[in-house]
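The values are calculated or read from the model by the stated rules, or taken from the named source; none is laboratory data. On a predicted model such as this, the values are computed, not experimentally measured, just so you know. Cβ sites come from the backbone with ideal geometry, for glycine too, and all protein chains shown count toward neighbours. Accessible surface is based on the protein model in full, side chains and every heavy atom, while ligands, DNA and RNA are left aside. Shrake-Rupley method; radii C 1.70, N 1.55, O 1.52, S 1.80 Å.
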Amino acid sequence: MLPPGVTASKFADAIKQFQGIVGKDWVFTSDEDVALYKDAYSPFWGEKDEILVSAAVAPDTAEEVSRVVRVANTLKIPIYPISTGKNLGYGGSAPNLSGSVVLDLKRMNRVIEVDDKRHFAIVEPGVSYFDLYRYIQERGLKVWIDVPDPGWGSVIGNAMDHGVGYGFGAFRDHFYSHCGMEVVLPSGEIVRTGMGALPNSKTWGEYHYGVGPYVDGLFGQSNFGVVTKMGFHLLPAPESYLTGTVIVPRRSDIVPLVEGGNQLEHAGVIGMPEYGSPLGGFGGASDAELRSLMAKPGGPSVAELEQHAEKTNRGFFSLNLQFYGGQKVVRAQWEYAKEVFADIRGVKFNEGDFIKFPAMQEQLDKAHKVAIGVPNLSIFMIGARSALNPSPTDGHLWFSPLIPKTGEAILEAQEVFMKAFRDMNMPSLVSPFSVPATWMFRAFVFIMGFPVYRTNIEQNKKTREMFKHLIQVAADHGWGEYRTPPAFQQQVTDAYSWNNHALRRFHETLKDAVDPNGIISAGRYGIWPKQMRGQRKA
Amino acid sequence: MRNRREFLQIGLASSALPILAGERSEASFYDSVNRLRIREVVVEMSSPLARAFRAEAVELGLEAHGIHDDITDLWYHKLDRQWKSAPATLAGITLPSSLFCLEMLARDYGMCVQFRALHDKAEPGPMVSWIIAPRLRNQSDPIA
């Protein structure tokens, strides 16, 4: 296929020039090769609206990226940069605009620097979490990375889509913890931000802002340039790790539970708080009697659920606390945490794992590895066919609305979203036990995973309709998504409409200024080049 | 002692179930086997089918990697390094989730799944037999 608006001869010319820059071996045009860039979790698999790629180019250096971008600009070829293309659940390696040429940055996989006295790293976009972890382990450096689940993605790519992890404080907001960038602009010019704009800078990986306007945010979830290097702050390797769980008996106890969790987290006492319910979670109700209760017409009352929790000697909600640091410190912090929750009537505490590093192998095997900075792929095991999962899916889409960090907001979100599923006559992904994810440390994300199938177009259509309905329901309640697959980026960004879409109009002004030909990632997060805005549709 | 061809015939097609529509026939699979010098296999240790395949592989002197669905250790300690320096053909019988991971990773090293066959009724769950090998650059590349 050809990129939209590009003739065959112009495309052939572009391909030839790309080959001259990166070498023939690194330009991919065959059907077999470009098929590898399909979104592995596409909600349009096999349909006419499925996003396809016309070609892919894999440069090795920022200078090659610059030359490729200049050619694309001259010939008006739409390009779509990817790092490792593993952002499954949010679009993977596929562009927003079908027919784009993928700019595959996986060959740019150098770790430029890791400093374990000042605790930062500078990497290229092809560096995966596995790569950076290996670099640190092989050199015995005393720093931890913060990893998402799975760990095969790009450190830069994940941050650029505002991806998140599981570790301590700000480190798990991967864009927040970045420090400085090198970017190839749509003109082909290479710019460095923050302290990197100072030649021979000694603090590029340490201080974010440089001087003057701080522009880094413009390159996240956007299409104003191609990031070719990025710095990240890293956690000093802690001496030990301890977990402890707080269990509360009543549904309404979620309010003081969250208040206590917020106090501890925002004061830097704990790492990522993990809310849960002993009564069930993503998999639904956790026992047969409870499932039967849930199946009652009209659903069970809160009293019935609380009685069941008491009868089975489980609480209604739980909060797993994670402590990182010196042995004496983490033990004292756990004692302090218990004091914070002591006023909740009937509260129970369970001390969990304690690891003094380096961990023994059996401790590592048992641990939630992402919480201790170890990248892995075990998350894919949960999708295997089993008695609880008789019909495995071919992938998923993440619906990721942000709600306030309060217990009241959790309870409200449960009610609102359960009703939304009822209104659409769809099986609910939300229950009275659903809790938010806590990847970002100053908001909750009430995340839901929707199945996608490669052989069930009808189900995919229903999923898309439900997803779109939820975007509107969430917006009506002041809950916006923080990240979304390309299929829904237009609708999600349309919801951010304050003052007649003033933010989008500002983005478009910037886009017209820096990328007048609209060659980079057209349509990403709702930012279309001027010549395509009339085609914008949710 | 079985030869390689017989070994792979038994291991990769021992179930009576059909090869996926659109995938290559057994005959072309053997052509691939002869052409691709397979020295290592990956097997899901919870599967009797895969374990039997593993036993045969070991007897033939192939290196056999046993996993329990999670390919992390195999990837990190073996394949990531190996594929960086010299992508090598690999065969296996695993859960579909394991093949999905390997397929996604293989693509970054110029490799792809050249053969796959689903064993839908295998225990403890559906298994898939597969070969991952370096991609041949398309001879009919439209823009050479």
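The set of residues in the range A:288-328 that are under 22 Å from A:PHE168 (Cα atoms) and either surrounded by fewer than 16 Cβ atoms within 10 Å (Cβ to Cβ) or in contact with a Cys (Cβ under 8 Å, 6 or more places away or on another chain) (or both) comprises A:GLY326, A:GLN327, A:LYS328. Counting only residues that are among the basic types (Lys, Arg) and at pLDDT 95 or above, which one in the range A:36-75 is nearest to A:PHE224 (Cα to Cα)? Selected residue: A:ARG70.
Is it fair to say A:SER66 is within 11 Å of chain B (Cβ to nearest Cβ) and either buried (at least 17 other Cβ atoms within 10 Å of the Cβ) or among the charged types (D, E, K, R) (or both)? It is false that A:SER66 is within 11 Å of chain B (Cβ to nearest Cβ) and either buried (at least 17 other Cβ atoms within 10 Å of the Cβ) or among the charged types (D, E, K, R) (or both).
One residue stands out among those in the range A:16-36 that are open to solvent by 30 Å² or more (accessible area, probe 1.4 Å) and more than 9 Å from chain B (Cβ to nearest Cβ): the one that is farthest from A:SER100 (Cα to Cα), which is A:GLY20. Only one of the listed residues (A:ASN456, A:ASN500, A:ASN517, A:ASN460) is at positive phi and either out of contact with any His (no Cβ under 7 Å at 6 or more places or on another chain) or without any contact (Cβ under 8 Å) to a residue 24 or more places away in the chain (or both). That residue is A:ASN500.
Listed here are the residues, each with its yes/no results for (1) open to solvent by 60 Å² or more (accessible area, probe 1.4 Å); (2) part of a helix (DSSP H, G or I); (3) in contact with a Lys or Arg (Cβ under 6 Å, 6 or more places away or on another chain).
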| position | (1), (2), (3) |
| --- | --- |
| A:PRO392 | no, no, yes |
| A:LEU397 | no, no, no |
| A:LEU411 | no, yes, no |
| A:PHE417 | no, yes, no |
| A:PHE433 | no, no, no |
| A:ASN460 | no, yes, no |
| A:PHE467 | no, yes, no |
| A:ALA475 | no, yes, no |
| A:ALA502 | no, yes, no |
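When the test is whether a residue is modelled with pLDDT under 90 and either under 29 Å from A:GLY395 (Cβ atoms) or in a loop (DSSP other than H, G, I, E, B) (or both), B:SER46 does not pass it.
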